[in-house]
Amino acid sequence: MNYLETAKQYTGNDVDRIFFRPMLKGPSAEELGVRILYNMPLPTTVQYWDGQRNLLHKFSSNGWVGGAPSKKYQKTIDMQRIKAEMAFSAADYFSLVYEQITASPDVNMEDLTGTQLEQVETELFKRAIAENIRTTMWIGDSSLSAGYNSFNGFLKILKECVNEESIDYDVYSMQDLEDPSYVVKLFDNLWENASERMRVMKDEGQLVYFVTSDIYRLYEKYLDSMGVEASFVGTTDGHQTLSYHGIPVVDVKVNAYLPATTLHQSFCLFTDRRNLVLAVNTADMPGNEVRMWYNPDEMENRQRAVFMAGCEILDENQLYYAYLD
């Protein structure tokens, strides 16, 4: 046996249950670091409310003193129908799948079932889809003719906001990145520019600094330059997670992709995680499916997933941005 020729097609609830729900709910969704809306009805509209500031009133025997209704805001997420496709040489694909199977400690190589093969194939494709959703979520640009162009990501939206001057932003130079202590100034500037309403949300644990890898590394260098013990621990063990004054500093890990785009190459974004929304839908459009099959003419194993996805920033007033010019 040198090829995997059994075709597999998932539609309806199987697409949801087997492929997308495991990577868009629970711990896998938390790793993306933003708000996930999965299989919301189309058009996907997010509603949020400006709560009443003063709800307490003196009691009276009759009458209504509740005042005007809370102000409602809403954003409709621009969902795009997209497909993910991969192709492998049949022999290479066979080796790839079997390598994953043999790595499992409880596998019986003399009694491989179709279920085991299907689970490995599914997991390999699922990982590829998850990484491409994560990457496009940040660097997607639908105006491009090639590359990550299936839907607009957060950086494209941010760049348009900068051009329109609809957000608070700052610009730093390459010389600033030569001094590790500059990163503290950068974080402080974004914090000071934030609204008081946003700063008091710190206790909710959702504020975050999203940064590119160069900023993340600069902060690591700054921490390494601190006290002797801290420097030793950071140098030998590394920094598993970073935070500044209790607010997580998260490397978005897109530096390898940015040079091929016209987006800002280096940035720091201070916001509430819930303010950045990724929406994925596998249910409301006919033809959404996941399919894996063997093409005998080309001697290739092919995989395809069809679904919908889109990104949006809910409130530009709760976002503070700095980028390299």
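Structure above, values below:
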{"read-out": "Subset of the stretch 274-325 [at pLDDT 85 or above and aromatic (Phe, Trp, Tyr)]", "value": "TRP293, PHE307, TYR320, TYR321, TYR323"}
{"read-out": "Filter result for GLU164 (open to solvent by 70 Å² or more (accessible area, probe 1.4 Å), farther than 23 Å from ILE215 by Cβ and out of contact with any Ser or Thr (no Cβ under 7 Å at 6 or more places or on another chain))", "value": "yes"}
{"read-out": "Condition broken by ASP141, with the remaining ones in (1) open to solvent by less than 50 Å² (accessible area, probe 1.4 Å); (2) assigned to a helix (DSSP H, G or I); (3) modelled with pLDDT of 90 or more satisfied", "value": "(2)"}
{"read-out": "Selection count, the stretch 168-200, where residues are aliphatic (A, V, I, L, M), within 14 Å of ALA322 (Cα to Cα) and surrounded by fewer than 19 Cβ atoms within 10 Å (Cβ to Cβ)", "value": "4"}
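Here is a yes/no grid of residues against (1) open to solvent by 50 Å² or more (accessible area, probe 1.4 Å); (2) modelled with pLDDT under 80; (3) not charged (D, E, K, R):
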site: LEU32; (1), (2), (3): no, no, yes
site: ASN39; (1), (2), (3): no, no, yes
site: LEU55; (1), (2), (3): yes, yes, yes
site: SER70; (1), (2), (3): no, yes, yes
site: GLU85; (1), (2), (3): yes, no, no
site: GLU131; (1), (2), (3): yes, no, no
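The values are calculated or read from the model by the stated rules, or taken from the named source; none is laboratory data. Remember, it's a predicted structure, so these values are computed and weren't measured experimentally. Glycine gets a Cβ as well: all are built from the backbone with ideal geometry, and neighbour counts include every protein chain shown. Heads up: the accessible areas ignore ligands, DNA and RNA and are worked out on the full protein's heavy atoms, side chains in. Shrake-Rupley method; radii C 1.70, N 1.55, O 1.52, S 1.80 Å.
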